[in-house]
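Quick notes on the structure that follows.
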Amino acid sequence: MASRRRLALIVALVLALAACTESAPPPQPTAPPDAFAPTPTIGAPTTTLPPGSTTTLDIERVVIQRVDPVSLDPLSAFEPIPMGDWLWEPKTSPDGRFLAAAVGDDVAENQLRLVDLQSWLPAMSWATFPDLIIHVDDAGTVYFISYYERPQLHFSVLDGTGSTLIADLPEGMSVWGADMIGAQIVLFGTRIPSAEGGELAMVATVDVTNRKVTEIALPEVHVGPVEPVSQGPWASYLYNSPSFTLDRAGNRVLVAHANESSVTEVDLATGQAMQHDLADATATPDTGTRRWGAVSPDGRFLYVASRDVELIEDDDNWSVKTIPAGVATLDTSSWQVVATTDAEISDIYISPAGDRLVGSGYTTEESGSVSVSDSTGLFMLDPTDLTVLNHIPSERSDQGWGAVTFSSAGAIAYAWTWLDTPRVHAMELSSGKMLSTAEGVETLAMVGPVGVLASNR
C-alpha cells in the first residue's frame, strides 16, 4: 500500500498544489518587494510530535521547511518540521496561518496533519487519511473527502479528536476538483454510471451549515470515449475530457466541452446550467480532445488549453498520439474568442494578479508495443494576447512538468518538474528569468504562497 501511495504522490501534487490559496508569507524575503506580505510573528522552533501522533520523529523522512523565496535555500532560523515518510495534498488556509496535509508512514498509521505556520509548530494530527483535502479555514478546520462505500465529505476541527461526517456525496461520483466559497463547498467531476451507462459530467454543492447536497447534472457535456468508426484495439485511447474551472468572482463553474467548441456555465446560486456555443474556439477532432482551464481573477476571461488525440492507422499497425494544441482566451460575457496561440501548450496556470500564464506541454505516442512522451518545455504567456514571453525547452524529451504555484503577490512562479529526480524552479514573472532550482529525492513540493518547501531530509 505504501508503495502505491508514493507512486500516487506525483499525480496528487500536480492536481493539488495548483489549488493552494493565496496566503501570508515567510519572513526574511530576498524576493522583489511585492513577493510577500508582512512577516508573521514566529515562535521558537520545536521538535515536539503533533498531538496524537504515533510516529517517532527520527524515522520521518519528509520535512517541511521555510525557504528563501528566491534561492529556495532553507532559512536557518526555522527547524524543519517532520511530516512522515511522504506527503500528499498540502493545502493552506486563506490567511496563511495553517497548512494541512495527508501524511503517510511506511510502518505506522497514515494521518491528516495540521501545522501552525505562524508559530511554526505542529498543531494537530488525526488518525484519518483524506483522499482529497478541499479547504482549510482560518480557524484550522480541515474539510476533506474520503472514499468508503461512497464518497463522503468530512471535516476535522482544531483540538478535535476525529472527523465529523457532513454529508454523503452522490453515489458513484468521481471528484475531479473541489473548493469552498463561503459556507458552500463546490465539487465537480463525473458520475459512473450515468443513466446511459457511461460517465455523466456533474457539479455538486454542499451547504456545510444545513448539510444540504445539490446535484447539477450536465448531460450536454460529453465525457469518455468517442464513437470511433472502427472499434479497433485503439478505441479506448480516443477520449474526450472537458475542463472544470471555478470562477470565484462570478460564483460559477465554467465547463469547456471537449468534443465541441462550447462552454457550459453553471450558476452556483441557482443551480442553473447554460450552454454557450463558440465560434471555433479550439480544434475538436472526432478522435478526442482533453481540455485544461484557468480563469482570470475577476472572472472576465476563461483560458482553455487543449491536447488533441490523433489516430494513425495502417492495416494492422496503429498508434495514437496526443498533441498539445495551444490556448484560447474566451470572453465570459460575450462568449467570443478574443485571442489564440498555437504554441505547444496543454496545461496552464494563472498568476494571482492575472498578469501571467505559465504553461507546459507534451506529446505522447502509444500503440500495442510503444509508449513514449516528448516534453515541449515551460512557457510564460501574456494573458492579454497570449504572446509567448519566454520559452524554456526541456533538457530531455522525457522531462515531465507538473504543478505551478506562485508567491503570494505573484512575482515568482514555482514550477515542478521531474528529471530523474523531482525539482522545483523559481522563475521571475516580470522577466522570465530562472532564479534558482531545488532538487529532491522522492518528495519535493513548493507551497508558493507561504514559502514552504516539502522535501526529504
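The numbers here are math on the coordinates, done by the rules we state, and not lab data. Keep in mind that what you see is a predicted model, and the values were worked out from it rather than measured. As a convention, Cβ positions derive from the backbone with ideal geometry for all residues, glycine included, and neighbour counts pool all protein chains shown.
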(request) Would you please give the residues with an amide H less than 5 Å from that of Ser119, counting only those at least 5 places away or on a separate chain, with H modeled from the backbone geometry? (result) Gly43
(request) State the percent of C-alpha pairs, over all pairs in segment 329-457, separated by a distance greater than 25 angstrom. (result) 29 percent
(message) With +1 assigned to the C-beta of every Lys and Arg and -1 to the C-beta of every Asp and Glu, and no other charges, what is the dipole magnitude of segment 231-398 about the Cα centre in debye, to the nearest 20?
(response) 720 debye
(request) Could you calculate the FRET efficiency of Thr340 with Glu310 from 1/(1 + (r/R0)^6), where r is the beta carbon distance between them and R0 is 22 Å, rounded to 0.05? (result) 0.70
(request) Could you rank the peptides 272-279, 88-95, 385-392, 261-268 by their average count of other C-beta atoms within 10 Å per residue, with the highest value first? (result) 88-95, 261-268, 385-392, 272-279
(request) Under 1.5 on a/c is rounded, so check that first for segment 231-398, then, if it is not, pick prolate when a/b is larger than b/c and oblate when it is not; a ≥ b ≥ c are the square roots of the alpha carbon gyration tensor eigenvalues. (result) oblate
(request) Determine ³J(HN,Hα), in whole Hz, for all residues of segment 285-299 in sequence, where each value follows from phi through the Karplus function 6.51 cos²θ - 1.76 cosθ + 1.60 and θ = phi - 60°; x replaces Gly and Pro. (result) x, 6, 9, x, 8, 10, 9, 9, x, 8, 10, 5, x, 8, x
(request) Can you tell me how much longer the chain between Thr364 and Thr214 gets when fully stretched, taken as 0.36 nm per residue apart minus their C-alpha distance, in nm with one decimal? (result) 50.2 nm
(request) Only loop residues by DSSP count here, and only those with at most 11 other Cβ atoms within 10 Å; note down the chymotrypsin sites (Phe, Trp or Tyr not before Pro) in segment 103-192 that meet that. (result) Tyr148
(request) Kindly provide the GluC sites (Glu not before Pro) of segment 168-218 that DSSP labels as loop, not H, G, I, E or B, and whose Cβ sees at most 11 other Cβ atoms within 10 Å. (result) Glu171, Glu196
(request) Using the Cα centre as the reference, give the magnitude of the dipole from point charges on the C-beta atoms of segment 127-188 (Lys, Arg: +1; Asp, Glu: -1; all else neutral), rounded to the nearest 20 debye. (result) 60 debye
(request) Take Asp179, Asp347 and order them by how many other Cβ atoms sit within 10 Å, fewest up front. (result) Asp179, Asp347
(message) For segment 169-219, take every pair of Cα atoms, bin their distances at 10 Å starting from 0, and report each bin as a whole percent.
(response) 28, 53, 18, 2
(message) What distance in nm lies between label points placed 7 Å from Cα along the C-beta direction at Asp355 and Ile192?
(response) 4.3 nm
(request) Assuming R0 = 60 Å, can you tell me the calculated FRET efficiency for the pair Ala139 and Asp331, based on Cβ-Cβ distance, to the nearest 0.05? (result) 0.95
(request) Once you have the Cα-Cα distance between Ser431 and Gln118, take 0.36 nm times their residue separation minus that, and quote the gain in nm to one decimal. (result) 109.5 nm
(message) How compact is segment 261-326 by the rule of thumb for globular proteins, expressed as Cα Rg over 2.2 N^0.38 Å?
(response) 1.48
(request) Would you mind computing, in nm to one decimal, how far apart the modelled labels at Glu79 and Ser236 are, each placed 7 Å from Cα along Cα→Cβ? (result) 5.1 nm
(message) Based only on other Cβ atoms within 10 Å, what is the fewest-to-most ordering of Val450, Val157?
(response) Val157, Val450
(request) Select from Asn210, Ile192, Leu169 the residue farthest towards the positive end of the dipole of segment 169-219; place +1 on Cβ of Lys and Arg, -1 on Cβ of Asp and Glu, and compute about the Cα centre. (result) Asn210
(request) Please work out the FRET efficiency for the pair Tyr148 and Asp398, using the Cβ-Cβ distance as r and a Förster radius of 60 Å; give the result to the nearest 0.05. (result) 0.95
